[in-house]
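Q: Before we start, here is the structure in question, set down as structure tokens.
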Amino acid sequence: MQLLSQYPGGTYSFMGIDTESLFNDNLKNMPSDWRWRNEKVTYTLNSQGFRCAEFETIDWNNSILVIGDSTAFGTGVDDSQTCAKLLADLTNQSVINLSQDAASAMYLWANTSILVENNIKPKGVIYIWPSSSRVVEFSSNNRVQHRGVWGNVIENSLGFQWCMHPHQSDQFYKYAIKSVTAMWRCNVLHYTWSRAEAKMCNISQLLADDLGRDRRYDPLLKRYTAHTGPEMHYAWAQIFKKDLYNIYNIV
């Protein structure tokens, strides 16, 4: 089974927006007790570029899948601090992190179709949906590029056109959630860190405090921000455990 991904496998100290140059800048500007000054972050990716075990070693029928964007992937935190790993620790279950940095609803939908086509039948699936403004650019070799309105976006770009259309991104987002739920023959939970998307689709919003290592200034928001940190990942894992039990009684 070959899923769509953007990263090669390997072990990394920095990844995505969590860059070494950003880290070095923060070392100069942050106080002496900044937790990431001495706390290492390791990204361990399997051969397909996912933060989980090699696919052929996974007991899919006895696993819970976590599918989302960089917040679920765990940008800015160590392998041991992601919500998927913490949920596994809390439940003594196999939890497989199939999330990717900067992923879109279209990307989550596409990989879900591949999983279902390959007869993957997990115990449950947890989706952490990203902003509806993103879109995926497909290639012919199972590699993808994630596009959105960030950085030096230009007006004729795929990401800009996707989210500037008055209805396209929002409507696809709604249909994607309905579609992946219908695809699975197992328990499915939906969450998002986006307030707008939570309201639009009537799904649970997860708080996302800025605690990760990738602290940076966002000129659009005009404030410092970062990906979700370890404490919030743990809080998410507790929510997932509670909901899996209360709704489906599977952990």
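The values are calculated or read from the model by the stated rules, or taken from the named source; none is laboratory data. Source: prediction; values computed, not measured. When we count neighbours, we look across all protein chains shown, and the Cβ atoms used for this are built from the backbone with ideal geometry, even at glycine.
Q: Of the numbered conditions (1) modelled with pLDDT under 80; (2) in contact with a His (Cβ under 8 Å, 6 or more places away or on another chain), VAL149 fails exactly one; give the number of that condition.
A: (2)
Q: For the stretch 217-233, what are the residues that are surrounded by fewer than 16 Cβ atoms within 10 Å (Cβ to Cβ) and touching a Leu at 6+ places or on another chain (Cβ under 8 Å)?
A: GLU231
Q: I would also like to ask the following. Every residue in the stretch 222-251 that is assigned to a helix (DSSP H, G or I), charged (D, E, K, R) and either more than 19 Å from ASP18 (Cβ to Cβ) or touching a helix residue (DSSP H, G or I) at 6+ places or on another chain (Cβ under 6 Å) (or both), please.
A: Result: LYS241, LYS242, ASP243.
Q: Can you tell me which residue within the stretch 103-126, out of those that are within 18 Å of GLY9 (Cβ to Cβ) and touching a Ser or Thr at 6+ places or on another chain (Cβ under 9 Å), is modelled with the highest pLDDT?
A: In this case the residue turns out to be ASN111.
Q: Here's a check for you: in the stretch 27-45, which residue that is touching a residue at least 12 places away in the same chain (Cβ under 8 Å) and surrounded by fewer than 18 Cβ atoms within 10 Å (Cβ to Cβ) is nearest to VAL135 (Cα to Cα)?
A: THR44
Q: Look through ILE114, ILE67 and report the one residue that is over 26 Å from GLU39 (Cα atoms), surrounded by 24 or more Cβ atoms within 10 Å (Cβ to Cβ), aliphatic (A, V, I, L, M) and in contact (Cβ under 8 Å) with a residue 12 or more places away in the chain.
A: Selected residue: ILE67, the only one of ILE114, ILE67 that is over 26 Å from GLU39 (Cα atoms), surrounded by 24 or more Cβ atoms within 10 Å (Cβ to Cβ), aliphatic (A, V, I, L, M) and in contact (Cβ under 8 Å) with a residue 12 or more places away in the chain.
Q: Another question, then. What number goes with the only condition from (1) part of a helix (DSSP H, G or I); (2) of a type outside the set (Asp, Glu); (3) modelled with pLDDT of 80 or more; (4) loosely packed, with under 15 Cβ neighbours inside 10 Å that ALA176 does not pass?
A: Condition (4) is where ALA176 drops out.
Q: Answer yes or no: is there a residue in the stretch 73-81 that is assigned to a helix (DSSP H, G or I), among the small types (Gly, Ala, Ser), within 29 Å of ASN141 (Cα to Cα) and in contact with an Asp or Glu (Cβ under 8 Å, 6 or more places away or on another chain).
A: No - not one qualifying residue is present in the stretch 73-81.
Q: I need a count of the residues in the stretch 57-97 that are over 14 Å from THR228 (Cβ atoms) and among the charged types (D, E, K, R).
A: Qualifying residue count for the region: 3.
Q: Specify the residue that is surrounded by the fewest Cβ atoms within 10 Å (Cβ to Cβ); the eligible residues are those in the stretch 1-26 that are assigned to a strand (DSSP E or B) and polar (S, T, N, Q).
A: That would be THR11.
Q: Counting only residues that are touching a residue at least 60 places away in the same chain (Cβ under 8 Å) and assigned to a loop (DSSP other than H, G, I, E, B), which one in the stretch 82-96 is nearest to the chain's Cα centre (by Cα)?
A: For the stretch 82-96, the residue satisfying everything is THR82.
Q: Considering SER99, SER131, which residue is assigned to a loop (DSSP other than H, G, I, E, B), modelled with pLDDT of 95 or more and small (Gly, Ala, Ser)?
A: None of the other options fit; the residue is SER99.
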